[in-house]
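Working notes for the structure below.
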Amino acid sequence: MARDNPISRRTALKVTGAAAATALVAGCSDDDDNGNGDEEEESFEMEAGERIVLYGDTAGWEGVEPSEIDGVQNPTLVLEEGEEYEIGWEEGDGQSHNIEIRDADDQVIDDYATDETNDTEPDDQFLEFEASEEMVDYVCLPHSTAMRGSIEVEAADNGDEENGDEE
């Protein structure tokens, strides 16, 4: 009577597991994401003068207002250059947070940063700012890895098409 070889069985299971993992990493799953468990990033155009309200959570900024970003973690905000906006948070998870707007070198732009809160201060911080092309992220300094959202600034539309400048 032949005995099962436990080494061969373990090797076969490892190979099968590796093949399944490779297929998942290669994007051969039925999920509607990019294959690594993260949903594809979506951008949200903000109206000039918009107040952008977030929920401060160490796992990431969660969109609250406007309604398009409600429930979205670290939403990518599309802003128009030269327009005024307000961004901040009213509520949080009780941890120390702040909000900063940073450039591509991860430096705060034009002092657009609030002080860090603590457990005795209310969770309510907002920055009023004018969108400029050097803005790339909004960040919470104590949790800068998880609480980081992208900012995309589009050039202002000067209305050249309406001025009859067609050729």
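In terms of other Cβ atoms within 10 Å, Asp110, Asp103 run from fewest to most in the order Asp110, Asp103. Here the 3J(HN,Hα) profile of segment 69-75, calculated from phi with Karplus coefficients 6.51, -1.76 and 1.60 at θ = phi - 60°, is 9, 4, x, 8, 7, 6, x Hz, Gly and Pro shown as x. What the phi angles of segment 142-154 give under the Karplus curve with 6.51, -1.76 and 1.60, with θ = phi - 60°, is a coupling list of x, 10, 5, 6, 8, 9, 9, x, 8, 10, 10, 10, 9 Hz, glycine and proline written as x. Working from label points 7 Å from Cα in the Cα-to-Cβ sense, the Glu134 to Glu154 distance is 2.4 nm. Normalised by residue number, the volume inside the convex hull of the Cα atoms of segment 43-154 is 83 Å³ per residue. Where both partners of a DSSP beta bridge lie in segment 43-154, what percent of those bridges are antiparallel, to the nearest 5? Counting DSSP beta bridges with both partners in segment 43-154, the antiparallel share is about 60 percent. Taking amide H as placed 1.01 Å from N in the peptide plane, the amide H of Val153 sits under 5 Å from that of Leu79, each at least 5 places away or on another chain.
Near Glu83, the amide H atoms lying under 5 Å from its own belong to Ala131; only residues 5 or more places off or on other chains count, and H is placed 1.01 Å from N. For Glu91, nonlocal amide neighbours, meaning residues 5 or more places apart or on other chains whose placed amide H falls under 5 Å from its own, are Gly56.
FYI, it's all coordinate maths here, none of it is from the lab. Owing to the predicted nature of the structure, the values given are computational and were not obtained by experimental measurement. Heads up, the Cβs are rebuilt from the backbone with ideal geometry, glycines too, and the neighbour counts pull from every protein chain shown.
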